[in-house]
Structures are given as C-alpha cells and as structure tokens.
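One structure is given below, encoded as structure tokens.
The values are calculated or read from the model by the stated rules, or taken from the named source; none is laboratory data. Only a predicted model underlies this, so the values are computations on that prediction, with no experimental measurement involved. Heads up, the Cβs are rebuilt from the backbone with ideal geometry, glycines too, and the neighbour counts pull from every protein chain shown.
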There are 4 protein chains.
Amino acid sequence: MKKLTIISFLFLSIISVALGQRKIVNLPDLPGYVTLKCDFHMHTVFSDGNVWPLVRIDEALRDGLDAIAITDHLEYTPKKEFIPVDHNAAWKIGETYARERNLILVHATEITRKMPPGHFNALFINDASLIARDSVWDAFEAAIKQGAFLHWNHPGWKAQEPDGIPKLYDIHKRLIKNKWLHGIEFFNDSEYYPLVFEICKQNNIALIANSDSHGILSEDYTEPEYTNRPMTLVFAKTRSHDALKEAMFSGRTIAYFKNMLAGKEEYVKPFFYQCISIGKPYFQNEKSLFFEVTNKSDIPFYLINGIPDAPSAITLSANSVTRVVISKKVTAPLVYDVKNVITGEKDVLKVELKY
Amino acid sequence: MKKLTIISFLFLSIISVALGQRKIVNLPDLPGYVTLKCDFHMHTVFSDGNVWPLVRIDEALRDGLDAIAITDHLEYTPKKEFIPVDHNAAWKIGETYARERNLILVHATEITRKMPPGHFNALFINDASLIARDSVWDAFEAAIKQGAFLHWNHPGWKAQEPDGIPKLYDIHKRLIKNKWLHGIEFFNDSEYYPLVFEICKQNNIALIANSDSHGILSEDYTEPEYTNRPMTLVFAKTRSHDALKEAMFSGRTIAYFKNMLAGKEEYVKPFFYQCISIGKPYFQNEKSLFFEVTNKSDIPFYLINGIPDAPSAITLSANSVTRVVISKKVTAPLVYDVKNVITGEKDVLKVELKY
Amino acid sequence: MKKLTIISFLFLSIISVALGQRKIVNLPDLPGYVTLKCDFHMHTVFSDGNVWPLVRIDEALRDGLDAIAITDHLEYTPKKEFIPVDHNAAWKIGETYARERNLILVHATEITRKMPPGHFNALFINDASLIARDSVWDAFEAAIKQGAFLHWNHPGWKAQEPDGIPKLYDIHKRLIKNKWLHGIEFFNDSEYYPLVFEICKQNNIALIANSDSHGILSEDYTEPEYTNRPMTLVFAKTRSHDALKEAMFSGRTIAYFKNMLAGKEEYVKPFFYQCISIGKPYFQNEKSLFFEVTNKSDIPFYLINGIPDAPSAITLSANSVTRVVISKKVTAPLVYDVKNVITGEKDVLKVELKY
Amino acid sequence: MKKLTIISFLFLSIISVALGQRKIVNLPDLPGYVTLKCDFHMHTVFSDGNVWPLVRIDEALRDGLDAIAITDHLEYTPKKEFIPVDHNAAWKIGETYARERNLILVHATEITRKMPPGHFNALFINDASLIARDSVWDAFEAAIKQGAFLHWNHPGWKAQEPDGIPKLYDIHKRLIKNKWLHGIEFFNDSEYYPLVFEICKQNNIALIANSDSHGILSEDYTEPEYTNRPMTLVFAKTRSHDALKEAMFSGRTIAYFKNMLAGKEEYVKPFFYQCISIGKPYFQNEKSLFFEVTNKSDIPFYLINGIPDAPSAITLSANSVTRVVISKKVTAPLVYDVKNVITGEKDVLKVELKY
C-alpha cells in the first residue's frame, strides 16, 4: 500500500502538483508536420504480458513517446484462471491516466491467429470485445466497421514462418484488395523484415515499428546497439489523437530502431536534411578545406561510398558536430549513401553535403 | 504470445536446457552457516503491485537472492474490479517455477492495518485466506497457528507515524509477551528505523531488511548509493527452506542495505572478519611500514576514529585491496570504528587490523 | 608508434578525412550573442600536469567546449629534471592542432604565488616567458602589457586560506584599482566560493568557472552530481578568438558547474527563459488545469517556494517536458525561486511561469 | 599545483595514510602457482605516448594488475624537440612509486624496427640506453646480455604486414635458433594473431597479451566487448619480480582479452576447472534433472557442441550460477567445446561437466 509510482488513485485529492517528466527525444519535425514518436504494440496481464496497464503508460512517458496502443491478444489469455477475460480492460484502466499525462492512448487490440493470416493489430477502435469473432475475416470486418487502422504484425516471425520470409497468402491479398491493410511491421521487437518494403510501396501501406513488449521495457533493449525501443515516427498535422489517425491512414510514417530509419524516400530525405546542418569552411591550408556538419538528432548517420579524393566514409554521430577535411582537388558534388537510412529492400538514401 | 522472459508454460516440452543465471553476490559465509540473501516483502497485481508474480522470481534470481516471500495485502486489493481476490494466488503461480530455479519461495502474506498495530508479514504459512480475519488479533492467531514467523513492517513509516518514530503500543507488547513477534524491519524500501535496534535486542527479535517492492525492482534503487535492494542476510545451517526457517526463528540475521550492515555484534563481528584479510608488510622505508587489506566482499567498509599517528580513516573498498602506510612509531593496536556496521541505536562495530 | 588518438603528425599526408566529433552541449544562445563553453585553467607535463598538451584539446572537443586555455605554472615546474622549462610549450604544440579542429586555443599562463596574492591566470598573452618575473607585480605588469585578461584563481583554496574564505589583501585592492583584475574563479575544480559574488558585482569583474585539471579529465568529475567539468559560459558576438576576448573584458559570463549557474541577473535571467518554454493547458478537470514546461537544455532547474495552492516545488529536468497541475483557485502569478541559479552571495533567481 | 592524483612528491611528509586501492580481478590461481595479471607493453611522453609514467602505474592499480612494463621506443622519440631523450626515464620516475604501491614494475624498452624483424620488447633489463644500437642484431644481443626476456610485438600488424599474417623471416628463425625469442604477442591492443599459436607451440615460446597503450587507458577498451585491457596471465611461484621472471622464461602464460583465453592446454585446462564448480542436482521431475554450475571468475565461458539430448550450448556467465536441465535419457559424459578458450590455431578446449 506504499510507494506507488502509479499514483492514479491518490490523484483524486491532489489538485496542484508537478506530475513527472517526459524525456525529450531529439528528432526534428518536417515542414507542416509534427513528428510523433509512437509504439502501437504491447501487452499486459490482461493477455500474456507481465505488467499492469499503467506501467505501459509510465514507460512511454519515460521513453519520450507521444502515443501508444496497448494490444492485448483477443485469442490468447493464459492468465484467465486468475484474471477474467476483459478485452477492453487496459483501455478502461489507462484512458484518464494517459490523458492527464498528455499521452495519446490509442484504443486497440490484437487479432491473433495462425499463419495465414498471422497476427494483426486493430488501432483506433471503440470496443475490442466486438472483434473477438470465431472467423478471422469476421474479426477483420468488425474492426474495419469501427474505423480501425489494421496492421500486420511480424510477418516473418520464425514461429510462424520458419524461413523468416513474409509471404502474401490469399487472405492478405484480399485484405489489400479491400484496402483493409493499412500498415505492416518492418521492425518488431528485435527483428526486422526487409521484404516488407516492396509490399508497402506497391500497395501504399504504412511501415510500422513496434516493441511488442510483454515484460519490463527498461530491461529489454539493454544491448548497446538497441539505443531505444522500436518506434513508428508519424508525421501528423498536430499532436492529437485525430491528427495521428489521419497521418497513419495517409501513410506518413518512418520505422525507427537500432539507429536505422526505414521509410519512403519522400519522408526520410527531408527528415535527414532536418537533422543536419552544414557550416561554411572554418579553416584551410594549402591542400585542404575544413568544415563542420552538425547533427542535432539522436540518430547517428553513417555515410559511405564517398567520391574519389573525398573521405570514403563519414560518421555523423548523434548530437555532435563532425569535422570534415576535403582536398581542394575535389570539385564534384559530395554525395554519399546513408547506410542506416533504408528506402527499399536493397536501397539506401543518397544525400549530398553542400559546404 | 511472443518473447517470454517468463517461460514457464513453454517449459513443459523442454527437457534439456540452460535455464538462466543467478548472479553471485560476494558475501562470505560464517563458520558453520551459509549466508542466505533474502527479501521477505513484495507485492504483485494480486494486491497493489504492478507485476505478475513470476516477475518477482526472475528479479530475485537476477539479484542473486536465495529466498523471497511474496506478501500481497490481505486487506487492500485495489485491482479487484479486474482481478478477483485470491490471497494464495502468488504462491500457487510461483511455487514450481521457483523450485525449478533453485530459489526458496516462502509462502506468505501481509496483514495490513492502521497503526496500531500497523502492517505485519506472516512467513512460512500454508493458507493465507485463513488469516483474512476481521479482528487483527484473530489474524495474528491464525498465522501463528500455521507456524508463521511474524514480522512488523516499517514501524516508523511516516504515513502511520508522522514523527517517524516506531512506538510499542499495547498490542505490540502483547505480541512480544506471547513470543509472537519474531522480526522487525530495520530497513524498508529506502527508509530505516534506528530505534528498532533496542526493541530487537531486549526481546530477542530478528532484524529484517526488505524491499517492499510494488513496481519494477530494477527501476528502483537506481540512485548510486543504493547498490542493491534491501536484503536480510540469514545464517542458515544449509541452503534449504527448513534451515532458513530455523535460522529466522533463532534470530541469526543481519539487515543489509545502502552499504550498511545492521545486526547484533555476535553476527556482524565475525562477518566483518570473514570479509577481509590482512597481509604481511610488503615494503618499508625509514619511517613507515606498508601493508595491504583485502576486502573480498561487495560491501565497502568505512573505518574511522583511528588512533594517534595512524591513518585517521581508511576506506576498504568492495572487492579491492587497500594499501595502508603506518608510521613505525605506532605500537598500539590499530583499532577503528566501522562507520557502516551498526550494532545498536548509537553503536557501531569496533575492529582491529592486525598486520 | 601505433594507434594514436592524437593524429597530428599523421595528418601531414591526410588531405581528405572525417576528423572526429565535438559533442553538442545543449545550452541556448542569448539574443545577439552565441554562448561559448570555455575552460581557462588546466595543466600539462610542462608544469605539474600529467598529460601532453594535445590531450587537453582532444578532451575539450569531446566535452563540447568552444575555447580553452592551457595555463602551466610559471613558478612550479617539478618535472624539470626530465623536461626543460619552456613556458610557451603547450601553446606551440597545440596552436595548429586546435585551429584544424575549430577549437579556440587561448595563449595563457599561470602566475603562481603564495597568498597574497595567490594564483592568477593571464589569458590572451603572446609570450609567457616574459611574464616569468621575480616580483609578482612585475609579472602582472608584464601580462597587462601583453593585453592580458587577468583572473584570480581559487581565492578560497584551503591550502592558501585555511578558513576557505577569499580575502581582499592590499595587492588585490591595488589590482582592482588599476582595473587589472578582470575575473575571479567562482568554481574551481570541485570547490566554489560564494563570497566572490560581491567582489565581482562591486568591481565589475567577470565570474569564472574552470576545471584546473592536472590529470585525466574523464577520470575526474565521475561522481553523479558532477555532470560536467566546470565551464565558463561566455556570451560573444561571434564564435571567434577576438569576440571571446571582447566578451570576457565586457564581463558577459556565467559560471556553470554541478547543475548550478552563477552569474549576474542580467545574464542568468534571459538565459533561463531561453532554456524553457511553457505550453498552453492541455487538459483540465473540475478542479485543476494541466500544462507542460519544456526544458530543452542540459541543466535541470529546481523551482522552490511556490505560492499558496500551487506546487511548492517543481523540478524542470534537463531535456525533458515537465507536467504541472494547477488548482483553478490559483489566480496570482506563478512565481518561484530557482534554487540552482545563483545571483548573489545569498540570492537566487526569481522567475514566473506564464501558462 | 593542486589536486594531484599522483601524490609522489607529497608523500615525503606523509607517514601514515591509506594509499588507495587495487581492484580485485576475479581469476583463480593454479595449484602451486599464483596468477599474476600483467601488461608488458605501454608508452609515455618519453616516446610517443601522451601521459607521464606515473599515470601508467595508477592505471595498473585501478585495473588490478600485479605487474607492468613501460616500453618506450628506443628509435622513435617524436617529442624530443621538447623532451630530451632518456631511455630509462620511465623506470627512474616509476621505480619507488611502484614499489610503495606493491606493483611489480619491470624495467623494459621497445626495439622498434621495420619488418623484418619488426618491434620487440626487452623485459627485465637494467639499462635501456645500452640497447640503443644501430644494428638491430646488436640491439638484441645487448638486451640478451642484460638477461632480457625478448618478445615479438604485434607480428601481424597491418602497418607492417598488410595481409595481417605473421611471417617468420630469416632473422626471426635466427632468434629462435639462438633461443633469444621468449615470447610473442597473441593479443596486441585490439588485434590478435591466430597463427602465432603454432610458432609458439613448436618453439616453446610464451603467448603474450599486451595493451600497447599510447593514450589514456580508461578511454580505450570502452566498447562493451572489451571488458578489460589485454593481459598476460603468468603462473608464478610467488608474487614477486623474480618469480615473475622465472615463470615467463618457463613459458607459464595465458593470453587474455575480450573474454578470450589463449594458451597451451596444460595451462588453460586446469585454469578452466579452477574457475567453475558443479553442484549435485537440486531438483528433478519425471523427465529431467536440474543442477547448477558456478563460475566464480570474471570470464564467461561459452560451451558449444553439446551431445545429443543435452543442451546444445550453455553460457556460464561470469560471477554467476547457471542452472542446467538435463534429460534423464542422457547417459554419456556431458562434454562441450569451450568456444572462447583457444588452444591452437584452430582448436578450442574440450571439457566435461560432471554433475
């Protein structure tokens, strides 16, 4: 009865208070849009997760997120011997708590089937229990009726696709044809699925990155290459539930994890140039010019395949100013491939440094 | 349905496996006894905690504990709108899981009342539901009937004793007279209660240190002075449930937290000398002798009040060899007070370094 | 002959290269000025330090500084048995290396005497050897002749002032009268001297914060409260050697260390308001308004002494958004004292949060 | 003149003091021998390093070493414009400082030539200046005359062998024939040279691991896979200079870096079994036995290639107790390859877990 990090019930009598912090994640906006940091896939004790729903909200604030969806499984509730099934429990418990903390909580659920079709999250719903249907197609239809954004989860998960390769079965093609498939996870947990890219491009489907957390988030992603949990960056007109929804249906997303960005060139290109700025040369000697590239974002950029006589590779470390020395012999544009900004199954972003 | 740190249900089909690690906490045994690292106070979603019971077992293994008790409140179950009350739930869920991992899980509960008498844990019980009685005395009696080790929790908790001072009310005196009060928390969460010492000494009651965790343990105690969660060190004849119980009822404990040890001199004195060893002088010059003190434990010792001509203070850092230089003029025994080894309300351990 | 972090001599043949990074320290500029992060006091093997001069430059870049001065002692050269005395050695070794890396290296030295007058740094000089004079006053005069900015070091250093209190001796008064004393260290190493404030205010002298590093900087300041080395923030018209010098002589500085800012109100007040921004209320219920305060700087601000019915204290954590809940009963301006922004010996900054 | 970590000169007047700590590195002894942790290759400002010699001693104590050699280059002294060449300077400066701190300082130097023959350290010498000879063979001879232990440094260093492959040139064969080559670096800095193994085995030459540090050691090896600097483990009869020398000439060494051990089977096999202990089964069910393996060392062991029906791989984490579950069907000895204990160019140690 002591020491509650989750102070919801105490809150009734507290009228003036400093209510905790949300970390700032240093990622730029795009012109006309704010960049919302989101995670649309996680579990609680109401399915096979190990934490109470409010823990997910506290974790999101600590990680600097703008929006989350709690997506307990409709069809897999292994704790039901002790916890009665209530598909809307996490939403009911979290709604006010999130609103008071300026976090956008998206009402959601996970449709959990064998492959095909596999697992799907339905976001922006209003009653998960109506989606718990025997037939998976009925479940999809019930979700769509509620205006759901439907996204396919971990399409190459080895427990369902032992070769790790996402495949479009008939039911997926039918979903696409109906325009019922709005997103696919490119990153899930610690995996990613490069082949998702072409499916998304050809069918105008949003790329998604989610944690799919079951346990304690601060205890996952502790390996140094996992600088943060997987996040979907959504470019919304404002920081609001409805603007988020509009942006998602319009496909304005980048999947972000492990210092990698995966997205359509129309989003990752301006995003890269919002992250960096290039100064005028600050020094020169007989042979070389010296200039600086400032990267004000939390993402390092790994530039490779430099032109002859230029540095063959440059790392623009996160939140750092990188000094570059260029031979005065270099006259061609200083173009690079950005190794960690993925624009297709086998493509990375090309950029130019103009000094 | 993916990525379970808590793999209990998968376990059925796994017959040969490496089942994870338990960290070694570097603390010595006492002659004739093994030192069991224990935490007898923590909560889950079955009362006002925020995690599933198996999380508590995983946390204990990661922290190198030998034994824990999960002590959900009998009288405070704020999640009952979603989770039906079952006072033995944590025990039922955790019993086999703990045994397979060689962790001693103590069946327990918390009797949770206003002051007086405050909160009490009943350890080594067999049915918590029988202890859920209207009258607190009936609850105590029901616990004792089950052979419980009864310990008083956070006796100076400011929510119950605004001046922070533990007080013996009539009901506590009655418990003591009946020999029903077997332990008192000296450390709870991040607090401690120096006055507990005299009560324990006069009445042969064990000193206890517990975390009283409600949230995520790895997210508590992150301040650098909190090197670990509060632990009760128990000196048991073997590493087993029954030997633990015998040692507790015999009062062979030290309370350990924040690099402090609090206990009766008969336990902390030999414990200190088991932690350290002193080498012969390795060097001398005209004026001084040089020798080393090895501290093989995880606990630093802060020696103060040195004799004239000797170093006035020496820090024996954890897992380190400390070099000491002594004037050849020093002939008296090299005695010190150990600032962080508490043997009474105002007393600390006195030791001698024999080189 | 291998693996040189200090690649100066290799550089001759390298014409195009990525030359390493400078960390971004998140501190805002003031309108009309850029905020230069500076450390004007450190030592090398050419006096009693333990590193080669280029190490100081590499350390400065890693710490995100804009300018440093290496200030080897004129009068204390304990390594002279092995290293011949050369008072300009650090400057000669570092000058080009710093310029290539866009770090402002200030030519400097330390005049090192018993108290009075104690130790003084002379910055912006052109030949340290001319300042090595028997009489300390001759040394001051030689420095001033070179146009030096003269600042008094650690005026309350206990090795020189056992009571820790800075005192103005006659020679200091004479320096002030001559307008030869341009700065005084408020922070030095891990100490600070509150009484310096009044001397600086009354005599229009700049407040300075310096590391006075002798050893390895990354191995100092590892205690968690030392988030960075001491820095002098200088508000210069441009990021250049000459603009730095002009700003120093004009006294536009803040001393910064251990999450404390010490400076004249005319600088710390606009600096505080450049660090934070306050959003419109994002939520309300019957009794309260909820709004956010964004602190985009690396410095947390500790607001205390809130008005009645408002939160009594608010921590605006660094690089975080803090949520504040205000009773609708509050109508007065939301004023606070900022505990860690010092404007006088006993004064702290007063601010208002306008939501 | 303030805050000296290196307090040598202050020491004169200090007669009684606690003189700092040496970290304990958890590595077992072998029966009859103590395990000395050593680094025989590092530089200071007296060649191309960037620190004063005493820094190397402080670093060694902090890292828990028993012995070091400072090996400034004879032929490469790029700081000579500022620091006169003195090949014995580091020894003269460090000798007493090390002795007072119970660190074995080995008098040494580095013979620094183009390939062939490359670079060689001469350890246990008494005057480096006599080894500074024009002809490299004369240098070798002068070292041997002083009783030197001669070891070949980084034999596959790409600056000298672009293909990274160590090669025995005539001069090396002549050294071997003369029995003048006593050791070869298997690990140097962050590189290693597997082919060294066969040369060492065939010619009874000791395997060596050294840091070859030029800069600040605590700033190298910060990548998580570099848990410590490269160390040569030497099995000496006592912890003394002379016993170290005897053990080195007898070839009783293991090279240790990045959680890898490389050595002759006669040393690494008993060393492995000294690190671990295996408990009796603590639990069983119908199908499986459960037992624990305790690894009290700082080195994790990666066991692979398990027999049928046993776990295919087991990680025995450092300072941890690992739980292993074995099918009751397993009757054959539980043998494994230890992936990170190297006994030859392509061989790893084979072990058996007896439970």
- Subset of segment D:178-193, residues part of a loop (DSSP other than H, G, I, E, B) and not aliphatic (A, V, I, L, M), comes to D:Asn178, D:Lys179, D:Trp180, D:His182, D:Asp189, D:Ser190, D:Tyr193
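Anything in segment C:311-337 that is under 24 Å from C:Met260 (Cβ atoms) and of a type outside the set (Val, Ile, Thr)? List them, or say none. Full working, then the answer.
Pass one, segment C:311-337, residues under 24 Å from C:Met260 (Cβ atoms): C:311-322, C:324, C:334-337.
Selection gives C:Pro311, C:Ser312, C:Ala313, C:Leu316, C:Ser317, C:Ala318, C:Asn319, C:Ser320, C:Leu334, C:Tyr336, C:Asp337.
If we keep just the residues of segment D:258-285 that are free of Cβ contacts under 8 Å to residues at least 24 places away in the same chain and within 14 Å of chain B (Cβ to nearest Cβ), which is farthest from D:Lys201 (Cα to Cα)? Spell out the reasoning first.
To start, the set of residues in segment D:258-285 that are free of Cβ contacts under 8 Å to residues at least 24 places away in the same chain comprises D:266, D:277, D:282-283, D:285.
Retained after the next criterion (residues that are within 14 Å of chain B (Cβ to nearest Cβ)): D:277, D:282-283, D:285.
Working: D:Ser277: 29, D:Tyr282: 42, D:Phe283: 44, D:Asn285: 48 Å.
Only one residue tops the list, namely D:Asn285.
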- Message: Please count how many residues of segment C:315-355 are without any contact (Cβ under 8 Å) to a residue 24 or more places away in the chain, closer than 19 Å to C:Val268 by Cα and among the polar types (S, T, N, Q).
- Response: 2
- Tell me which of these C:Ser277 doesn't satisfy, since it passes every other one: (1) surrounded by 19 or more Cβ atoms within 10 Å (Cβ to Cβ); (2) in a strand (DSSP E or B). (1)
- By residue number, the members of segment D:27-75 that are in contact (Cβ under 8 Å) with a residue 60 or more places away in the chain, within 12 Å of chain C (Cβ to nearest Cβ) and part of a strand (DSSP E or B) are D:Met42, D:Val51
- Go through segment C:76-107 and count every residue that is farther than 22 Å from C:Gly20 by Cα and either within 14 Å of chain A (Cβ to nearest Cβ) or under 19 Å from the mean Cα position of the chain (by Cα) (or both). 1
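A:Val106 - would you say it is β-branched (Val, Ile, Thr) and within 19 Å of A:Leu207 (Cα to Cα)? Can you show your working first?
On the way: β-branched (Val, Ile, Thr): yes; within 19 Å of A:Leu207 (Cα to Cα): yes.
Taking the combined requirement at face value, the residue satisfies it.
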- Quick one: A:Thr5 ticks every box in (1) closer than 15 Å to B:Ile216 by Cβ; (2) at pLDDT 95 or above except a single one, so which number is it? (2)
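Matching residues to (1) under 26 Å from C:Leu261 (Cβ atoms); (2) modelled with pLDDT under 95:
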{"residue": "C:Trp137", "(1), (2)": "no, no"}
{"residue": "C:Gly147", "(1), (2)": "no, no"}
{"residue": "C:Glu161", "(1), (2)": "yes, yes"}
{"residue": "C:Leu168", "(1), (2)": "yes, no"}
{"residue": "C:Lys177", "(1), (2)": "no, no"}
{"residue": "C:Glu185", "(1), (2)": "yes, no"}
{"residue": "C:Asp189", "(1), (2)": "yes, yes"}
{"residue": "C:Ala206", "(1), (2)": "yes, no"}
- Item | Unique residue being of a type in the set (D, E, K, R) and either within 21 Å of B:Val321 (Cβ to Cβ) or crowded, with 21+ Cβ neighbours inside 10 Å (or both) when the list is D:Arg101, D:Arg113 | D:Arg101
- Note on the structure: Of those in segment D:76-95 that are without any contact (Cβ under 8 Å) to a residue 24 or more places away in the chain and assigned to a helix (DSSP H, G or I), the residue farthest from D:Ile131 (Cα to Cα) is D:Glu95
- Note on the structure: Scanning segment C:143-159 residue by residue, those assigned to a loop (DSSP other than H, G, I, E, B) and among the small types (Gly, Ala, Ser) turn out to be C:Gly147, C:Ala148, C:Gly156, C:Ala159
- Message: Out of D:Pro162, D:Pro116, I need the residue that is touching a residue at least 24 places away in the same chain (Cβ under 8 Å) and in a loop (DSSP other than H, G, I, E, B). Which one?
- Response: D:Pro116
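Has segment A:206-217 got any residue that is β-branched (Val, Ile, Thr) and free of Cβ contacts under 8 Å to residues at least 60 places away in the same chain?
First, the residues of segment A:206-217 that are β-branched (Val, Ile, Thr): A:208, A:216.
Next, from what is left, pick out any that are free of Cβ contacts under 8 Å to residues at least 60 places away in the same chain: none.
Checked segment A:206-217: no residue is β-branched (Val, Ile, Thr) and free of Cβ contacts under 8 Å to residues at least 60 places away in the same chain.
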- Message: Every residue in segment A:324-337 that is in a strand (DSSP E or B), surrounded by fewer than 23 Cβ atoms within 10 Å (Cβ to Cβ) and not β-branched (Val, Ile, Thr), please.
- Response: A:Ser327, A:Leu334, A:Asp337
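So which residues in segment D:315-329 are over 20 Å from D:Pro28 (Cβ atoms) and at the interface with chain B (Cβ under 7 Å from one of its Cβ atoms), if there are any at all?
D:Arg323, D:Val324, D:Val325, D:Ile326, D:Ser327
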- Quick one: B:His151 ticks every box in (1) touching a Gly at 6+ places or on another chain (Cβ under 7 Å); (2) surrounded by fewer than 16 Cβ atoms within 10 Å (Cβ to Cβ); (3) modelled with pLDDT of 95 or more bar one, so which box is it? (2)
- Query: For segment C:72-95, does any single residue satisfy the condition of being buried (at least 22 other Cβ atoms within 10 Å of the Cβ) and in contact with a Cys (Cβ under 9 Å, 6 or more places away or on another chain)?
  - Reply: no
- Task: All but one of (1) touching a Lys or Arg at 6+ places or on another chain (Cβ under 9 Å); (2) closer than 27 Å to B:Thr253 by Cα hold for B:Asp48, so report the exception by its number.
- Result: (2)
- Task: Please enumerate the residues belonging to segment A:300-309 that are more than 10 Å from chain C (Cβ to nearest Cβ) and crowded, with 17+ Cβ neighbours inside 10 Å.
- Result: A:Phe301, A:Tyr302
- Message: Among the numbered criteria (1) touching a residue at least 40 places away in the same chain (Cβ under 8 Å); (2) over 25 Å from D:Leu54 (Cα atoms); (3) crowded, with 20+ Cβ neighbours inside 10 Å, which one does D:Tyr193 miss?
- Response: (1)
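Given the options A:Ser297, A:Ser312, name the one that is more than 8 Å from chain C (Cβ to nearest Cβ), free of Cβ contacts under 8 Å to residues at least 60 places away in the same chain and either in a loop (DSSP other than H, G, I, E, B) or among the small types (Gly, Ala, Ser) (or both). Walk me through it before giving the result.
Values: A:Ser297 fails: free of Cβ contacts under 8 Å to residues at least 60 places away in the same chain.
Sole residue among the options that is more than 8 Å from chain C (Cβ to nearest Cβ), free of Cβ contacts under 8 Å to residues at least 60 places away in the same chain and either in a loop (DSSP other than H, G, I, E, B) or among the small types (Gly, Ala, Ser) (or both): A:Ser312.
Would you call B:Phe235 of a type in the set (Phe, Trp, Tyr) and farther than 21 Å from B:Asn319 by Cβ? If you could, list the steps in order and put the result at the bottom.
Working: of a type in the set (Phe, Trp, Tyr): yes; farther than 21 Å from B:Asn319 by Cβ: yes.
So B:Phe235 passes the test.
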- Note on the structure: D:Arg229 passes all but one of the listed conditions (1) touching a helix residue (DSSP H, G or I) at 6+ places or on another chain (Cβ under 8 Å); (2) closer than 28 Å to D:Leu303 by Cα; (3) not in a loop (DSSP other than H, G, I, E, B); the exception is number (3)
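Quick one: which of D:Val321, D:Val234 is surrounded by fewer than 23 Cβ atoms within 10 Å (Cβ to Cβ), of a type in the set (A, V, I, L, M) and assigned to a strand (DSSP E or B)? Working first, answer last.
Working: D:Val234 fails: surrounded by fewer than 23 Cβ atoms within 10 Å (Cβ to Cβ).
Going through D:Val321, D:Val234 in turn, the sole match is D:Val321.
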- Item | Hits in segment A:213-246 (condition: among the aliphatic types (A, V, I, L, M), away from every other protein chain (no Cβ under 12 Å) and within 15 Å of A:Phe40 (Cβ to Cβ)) | A:Met231, A:Leu233, A:Val234, A:Ala236, A:Leu244
